[in-house]
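The values are calculated or read from the model by the stated rules, or taken from the named source; none is laboratory data. No experiment lies behind these values; they were computed from the predicted model shown. Glycine also receives a Cβ, built like all others from the backbone with ideal geometry; neighbour counts cover every protein chain displayed.
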Ligand code: ATP
Ligand code: MG
């Protein structure tokens with residue numbers, strides 16, 4: 001086996017304002033990974049966002065908001081490569097090549113498409129269906145060995161591995177790595193505040209179901225106060241969260257925000273009613289999020305500076321991506337590049 005440089009790639013779509021799940025399941029961990037031996041590459045995946053309708057008048061602002069979220073949370077554009085996907089055309093090109101490697105049967109198993117398409121699958125864009133091949137391209141264009149994601153993206157990283165394995169097998173090469181998903185910690189699936197069986201999403205219907213990174217303190221307090229729960233107080237032990245998805249979700253959020261284990265949170269708040277726990281959770285969320293949202297607002301006051309940062313990142317990204325794409329086309333027998 002080839003030895004691949006330990007390298008992390010991950011991305012976030014500018015499909016709406018950043019929400020708490022994006023922070024706890026993704027950005028917060030991306031920041032920590034800068035302190036490891038991995039090379040870190042983080043992307044605003046705008047080509048994924050347009051798999052559903054995006055108003056062209058709003059997309060640039062959302063792209064900059066995601067970039068500002070990364071920067072405000074502590075992504076250092078010198079230590080990490082930070083860019084937007086559309087600026088590196090190699091992503092779309094490799095995605096096409098992977099469309100010809102991936103199988104229709106694999107795509108048909110993807111639960112995210114089923115969830116997002118709902119009953120209206122026929123009316124969805126072809127891009128929404130082919131999305132996992134673009135995601136595989138995003139990752140493998142950098143020979144990324146590890147991809148930190150939330151639980152909802154596990155299946156797509158597995159598909160990335162399938163594409164890499166089939167490519168290596170069909171062309172008799174050892175060219176693409178077997179990428180590992182990195183899914184660890186208490187908040188890998190932050191749930192919707194109004195329905196504990198659905199994940200929190202940027203593009204979810206109601207604003208009350210999510211905490212946005214740019215929500216002010218009063219809004220955060222109100223959303224937690226109105227969050228759905230059962231009538232029981234917090235249990236005495238973590239096992240007592242069994243079968244209580246809403247209660248578990250709020251405990252997990254508390255744990256992730258405070259860098260505690262859910263067990264330690266339960267030990268501290270055993271037997272507390274929601275009237276006590278929800279305000280404590282809101283205070284904690286405001287304490288952790290306010291410095292980030294303040295910095296995001298400051299950065300968003302100067303969009304040209306964000307654009308310059310992204311452009312510098314795109315140049316660095318292309319320096320890695322272009323030779324890998326070129327080699328891929330050579331392996332496949334495409335000439336003239
Ligand atoms: P959309 O609704 O448009 O799909 P999203 O909120 O799901 O938006 P994505 O851009 O699809 O955000 O995902 C960005 C990253 O955030 C991914 O790593 C994903 O796994 C993670 N993520 C998204 N939602 C959650 C969540 N509720 N809990 C934990 N991680 C999440
Ligand atoms: Mg999503």
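Figures for the structure shown
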read-out: Candidate set: segment 186-210, residues that are away from ligand 2 (no atom under 16 Å from the Cβ) and crowded, with 18+ Cβ neighbours inside 10 Å; chosen: the one nearest to residue 149 (Cα to Cα); value: 186
read-out: Which listed residue, of 160, 219, is assigned to a helix (DSSP H, G or I), under 30 Å from residue 54 (Cα atoms) and more than 16 Å from ligand 1 (Cβ to nearest atom); value: 219
read-out: One residue from 54, 85, 19 being within 12 Å of ligand 1 (Cβ to nearest atom) and within 23 Å of residue 337 (Cβ to Cβ); value: 85
read-out: Only listed residue being away from ligand 1 (no atom under 16 Å from the Cβ) and in a helix (DSSP H, G or I), chosen from 265, 251; value: 265
read-out: Residue among 49, 102 that alone is in contact (Cβ under 8 Å) with a residue 60 or more places away in the chain and assigned by TED's automatic domain parsing to the domain that holds residue 323; value: 102
read-out: Filter result for residue 66 (touching a strand residue (DSSP E or B) at 6+ places or on another chain (Cβ under 6 Å) and under 23 Å from residue 286 (Cα atoms)); value: yes
read-out: Filtered residue count, segment 34-46, keeping only those that are crowded, with 20+ Cβ neighbours inside 10 Å and touching a residue at least 60 places away in the same chain (Cβ under 8 Å); value: 4
read-out: Residue that is touching a helix residue (DSSP H, G or I) at 6+ places or on another chain (Cβ under 6 Å) and either part of a loop (DSSP other than H, G, I, E, B) or under 28 Å from residue 17 (Cα atoms) (or both), where the choices are 278, 202; value: 278
read-out: Wholly within segment 39-144, helices (runs of 4 or more DSSP H) carrying at least 2 residues that are modelled with pLDDT of 95 or more and within 24 Å of residue 299 (Cβ to Cβ); value: 46-49, 59-73
read-out: Among (1) more than 13 Å from ligand 1 (Cβ to nearest atom); (2) farther than 21 Å from residue 325 by Cα - the single one residue 92 does not satisfy; value: (2)
read-out: Residue tally, condition away from ligand 2 (no atom under 16 Å from the Cβ) and surrounded by 11 or more Cβ atoms within 10 Å (Cβ to Cβ), over segment 112-129; value: 1
read-out: Residues within segment 126-157 that are out of contact with any helix residue (DSSP H, G or I) (no Cβ under 9 Å at 6 or more places or on another chain), in contact (Cβ under 8 Å) with a residue 24 or more places away in the chain and either within 15 Å of residue 99 (Cα to Cα) or more than 16 Å from ligand 1 (Cβ to nearest atom) (or both), tallied; value: 1
read-out: Selection within segment 1-33 - in a loop (DSSP other than H, G, I, E, B), more than 21 Å from residue 127 (Cβ to Cβ) and in contact (Cβ under 8 Å) with a residue 40 or more places away in the chain; value: 1, 2, 4, 5, 6, 17, 18
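Yes/no per residue for (1) loosely packed, with under 13 Cβ neighbours inside 10 Å; (2) outside the structural domain of residue 141 (by TED's automatic domain parsing):
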{"position": "220", "(1), (2)": "no, yes"}
{"position": "232", "(1), (2)": "yes, yes"}
{"position": "239", "(1), (2)": "yes, yes"}
{"position": "248", "(1), (2)": "no, yes"}
{"position": "258", "(1), (2)": "no, yes"}
{"position": "265", "(1), (2)": "no, yes"}
{"position": "291", "(1), (2)": "yes, yes"}
{"position": "321", "(1), (2)": "no, no"}
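Let's see how each residue does on (1) more than 18 Å from the chain's Cα centre (by Cα); (2) closer than 25 Å to residue 309 by Cβ:
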| site | (1), (2) |
| --- | --- |
| 45 | no, yes |
| 62 | no, yes |
| 69 | no, yes |
| 79 | yes, yes |
| 86 | no, yes |
| 103 | yes, no |
| 116 | no, no |
| 126 | yes, no |
| 131 | no, no |
